[in-house]
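A.B. asks: Here's a structure for you.
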DNA sequence: CGATCTGACTTCAGAATATGAAGCTAGATG
DNA sequence: CATCTAGCTTCATATTCTGAAGTCAGATCG
């Protein structure tokens, strides 16, 4: 069992594995749009602004990993088509998306603010991503966290 | 002012701007390592496992955007060198990192668990990324959020 | 004082990935 | 049965990444 992070193999790092699924160029932007209700190939293509070849690849990959699923739909006067919807697994990336948006709102927004606001439906206050612990202590800051090797920590080869 | 997301320009989207800074391949993995105490060029290179050319580019970009800063250090018997440390702005990506790790811990970990554990120093409970609102209602789920165009929303051209 | 070592890069050729445009396909519709 | 369209594929070109080799400057060694 490695004693510190530099000696620990990153082969089974869960951040790394997450990024292998959603960390490619465009993937998180597709999920941003999906979380805002976009579902169709052409809407993704035009709104996100990526090439069709890459879009088809990314959607395939997100479906294969269970983050999106295809659902048949039919508009009157058109044939059956498939749209892409977030699964539970996909929606579980919502806190990460809000956390990225929150950072961008603070450090990268236009002076007037962000182009999209996400608020609590009940009270109208803006959302925040915070870190708490299993006993609801928090919000926590990095110095309040303790990091240790986990059960699958293996030494770097 | 656009009425819905599909008609809204993504040019000033804060998620997109965040990903332009940290969404390239390797960037978030470098920040993962930085948050775990890695500071030196060669340690990043060996532990993260990317090429030196790309590492130099990424570090330059992260320093240019104020996420990392270089600090001179000197080990006895060596010349002065520079190490890379997270700034406040860089540490503010911590909730996003924890949120990505949390998703990976749930959906992409080895059966035994993750190779790294992050717990509350005081009570030992694992950390969680949760979404709350400014009045501390929460944790919130996607259906409890309301999304609207923000102050800088512009129509798509 | 010249030779060697080391950490931190830079350069470069070849491989992988993205872009933009054109083409294909299968069910409507006229 | 010819045309239209959303949803892909294919392909040539451009960008980005990889792996290896080379550069540089300030130690230390002999």
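The values are calculated or read from the model by the stated rules, or taken from the named source; none is laboratory data. In this text, all values refer to a predicted model and were calculated from it rather than measured experimentally. Glycine gets a Cβ as well: all are built from the backbone with ideal geometry, and neighbour counts include every protein chain shown.
A.B. asks: Quick check on my filter: what residues within region A:134-148 are in contact with a strand residue (DSSP E or B) (Cβ under 6 Å, 6 or more places away or on another chain) and outside any loop (DSSP other than H, G, I, E, B)?
C.D. replies: Matches in region A:134-148: A:145, A:146, A:147, A:148.
Residue-by-condition table, conditions (1) within 14 Å of DNA strand D (Cβ to nearest atom); (2) within 9 Å of chain B (Cβ to nearest Cβ); (3) surrounded by fewer than 16 Cβ atoms within 10 Å (Cβ to Cβ):
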residue: A:15; (1), (2), (3): no, yes, no
residue: A:33; (1), (2), (3): yes, yes, no
residue: A:40; (1), (2), (3): yes, no, yes
residue: A:48; (1), (2), (3): yes, yes, no
residue: A:56; (1), (2), (3): yes, no, yes
residue: A:76; (1), (2), (3): yes, no, yes
residue: A:79; (1), (2), (3): yes, no, yes
residue: A:82; (1), (2), (3): yes, no, yes
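A.B. asks: Return the pairs, sorted by first residue and then second, in which the second residue is surrounded by fewer than 13 Cβ atoms within 10 Å (Cβ to Cβ), the first residue lies in region A:66-77 and is part of a loop (DSSP other than H, G, I, E, B), the beta carbons are less than 7 Å apart, and the residues are 6+ apart or on different chains.
C.D. replies: A:74/A:80
A.B. asks: Does region B:94-114 contain at least one residue that is crowded, with 18+ Cβ neighbours inside 10 Å and within 11 Å of DNA strand C (Cβ to nearest atom)?
C.D. replies: Initially, region B:94-114 is screened for residues crowded, with 18+ Cβ neighbours inside 10 Å, giving B:94-105, B:108-109, B:114.
Filter once more, so that each one left must be within 11 Å of DNA strand C (Cβ to nearest atom): none.
Looking through region B:94-114, none of the residues is crowded, with 18+ Cβ neighbours inside 10 Å and within 11 Å of DNA strand C (Cβ to nearest atom).
A.B. asks: Would you pick out the residues in region B:118-157 that are more than 7 Å from every other protein chain (Cβ to nearest Cβ), at pLDDT 95 or above and farther than 23 Å from residue B:101 by Cβ?
C.D. replies: B:143
A.B. asks: Same structure again: Taking into account only those residues within region A:32-55 that are closer than 17 Å to residue A:82 by Cα and in contact (Cβ under 8 Å) with a residue 12 or more places away in the chain, which is nearest to DNA strand C (Cβ to nearest atom)?
C.D. replies: Only one residue tops the list, namely A:55.
A.B. asks: Do the conditions hold for residue A:107, that is, is it in contact with a helix residue (DSSP H, G or I) (Cβ under 7 Å, 6 or more places away or on another chain), within 28 Å of residue B:131 (Cβ to Cβ) and free of Cβ contacts under 8 Å to residues at least 24 places away in the same chain?
C.D. replies: Values: in contact with a helix residue (DSSP H, G or I) (Cβ under 7 Å, 6 or more places away or on another chain): yes; within 28 Å of residue B:131 (Cβ to Cβ): yes; free of Cβ contacts under 8 Å to residues at least 24 places away in the same chain: yes.
In short, yes.
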